[in-house]
Amino acid sequence: MQTQIEIHTAPLNIQACTDWIMSPDSGGIDVFIGTVRNVTKGRAVLKLEFEAYNKMAINEIKKITKQAFEKWPVQKVLVHHRTGTLQIGEIPVIIAVSAAHRAAAFDACRYIIDSLKQTVPIWKKEFFEDGEVWVAAHP
Amino acid sequence: MEITVLAFGIAKDIFGGATVTVGLTNNATTADLKASLEEKYPKLKHLASYMVAVNNEYAEDSGLIAERDEVAIIPPVSGG
């Protein structure tokens, strides 16, 4: 039961994540890579800015990974999140989960990204040609 | 007591800075803090929702705030 949770201002490194998650007793690894999309509801997005309340974000991610270990027989869990300005195609988040069998890895990985989006204090601002908006701030 | 409140995301825009100082009575609750902030910054009420974190944990409205607590306003999150 190992976890690696990090928040970086520098670009995330996919290779470093998959290297860490590999282990001889794993039968499968599920990796989710979030990427910056160039459009939101038909409007062209120029770039995104991510801000985190780092200490609390790490705490909240720990709670989620702990729940994942309780719910599924997974072996290692990695969550890396980026902050700062990200261009189209860049990677704000990587989640990797290893398990003896694939079903647990798939389920836990999805659970972690879905929960992260609901409770972890990280914010995203979208920049458009004609303005900018904090995502989800207003109803 | 004077509490320094940390702001993130849109809350930073609403307060016009990364922190805001609020005067509260001793034994004030999270709900008291919200009421005081909403009076000064009515735009908070237009948010989809927002939470208060005390010492890096989401706080209930009835939770007490002490002078040395780390208090933060958490607008709707949108990470990932």
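The values are calculated or read from the model by the stated rules, or taken from the named source; none is laboratory data. Everything numeric in this text was worked out from a predicted model, so none of it was measured. In this analysis, Cβ positions are derived from the backbone assuming ideal geometry, glycine residues included, and neighbour counts consider all displayed protein chains.
List of remarks:
- Within segment A:1-28, the residues that satisfy the criterion of being in a loop (DSSP other than H, G, I, E, B) and surrounded by fewer than 15 Cβ atoms within 10 Å (Cβ to Cβ) are A:Met1, A:Thr9, A:Ala10, A:Pro11, A:Asn13, A:Met22, A:Ser23, A:Pro24, A:Asp25, A:Gly27.
- Segment A:82-111, residues that are among the basic types (Lys, Arg) and buried (at least 20 other Cβ atoms within 10 Å of the Cβ): A:Arg82
- Total residues in segment A:81-110, condition of a type outside the set (Val, Ile, Thr) and in contact with a helix residue (DSSP H, G or I) (Cβ under 6 Å, 6 or more places away or on another chain): 4
Here's the yes/no breakdown for (1) aliphatic (A, V, I, L, M); (2) surrounded by 13 or more Cβ atoms within 10 Å (Cβ to Cβ); (3) closer than 19 Å to B:Gly17 by Cα:
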site	(1), (2), (3)
B:Ser36	no, yes, yes
B:Tyr41	no, yes, yes
B:Ser49	no, no, no
B:Gly63	no, yes, no
B:Glu70	no, yes, yes
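- Within segment A:112-130, considering residues that are assigned to a strand (DSSP E or B) and buried (at least 17 other Cβ atoms within 10 Å of the Cβ), the one farthest from the other protein chains (Cβ to nearest Cβ): A:Glu126
- Qualifying positions in segment A:63-111 - of a type in the set (D, E, K, R), within 13 Å of chain B (Cβ to nearest Cβ) and touching a residue at least 60 places away in the same chain (Cβ under 8 Å): A:Arg82, A:Arg110
- Selected residue [in contact with a Gly (Cβ under 8 Å, 6 or more places away or on another chain), modelled with pLDDT of 95 or more and more than 14 Å from every other protein chain (Cβ to nearest Cβ)] from B:Thr30, B:Thr21: B:Thr30
- Matching residues in segment B:58-80 - criterion: being within 11 Å of another protein chain (Cβ to nearest Cβ) and of a type in the set (A, V, I, L, M, F, W, C): B:Ala72, B:Ile73, B:Ile74, B:Val77
- Residue selected from segment A:60-104 under the condition among the hydroxyl-bearing types (Ser, Thr, Tyr) and outside any helix (DSSP H, G or I), by the criterion nearest to the chain's Cα centre (by Cα): A:Thr83
- Residue list for segment A:29-59, restricted to those being without any contact (Cβ under 8 Å) to a residue 60 or more places away in the chain and either in a strand (DSSP E or B) or over 17 Å from B:Ala18 (Cα atoms) (or both): A:Thr35, A:Val36, A:Arg37, A:Asn38, A:Val39, A:Lys41, A:Gly42, A:Ile58, A:Asn59
- Out of A:Lys41, A:Lys55, sole residue that is within 29 Å of B:Tyr50 (Cα to Cα) and modelled with pLDDT under 95: A:Lys41
- Note on segment B:2-80: enclosed strands (runs of 3 or more DSSP E) holding 2 or more residues that are of a type in the set (Ser, Thr, Tyr), within 12 Å of the chain's Cα centre (by Cα) and farther than 30 Å from A:Gly89 by Cα are B:19-23.
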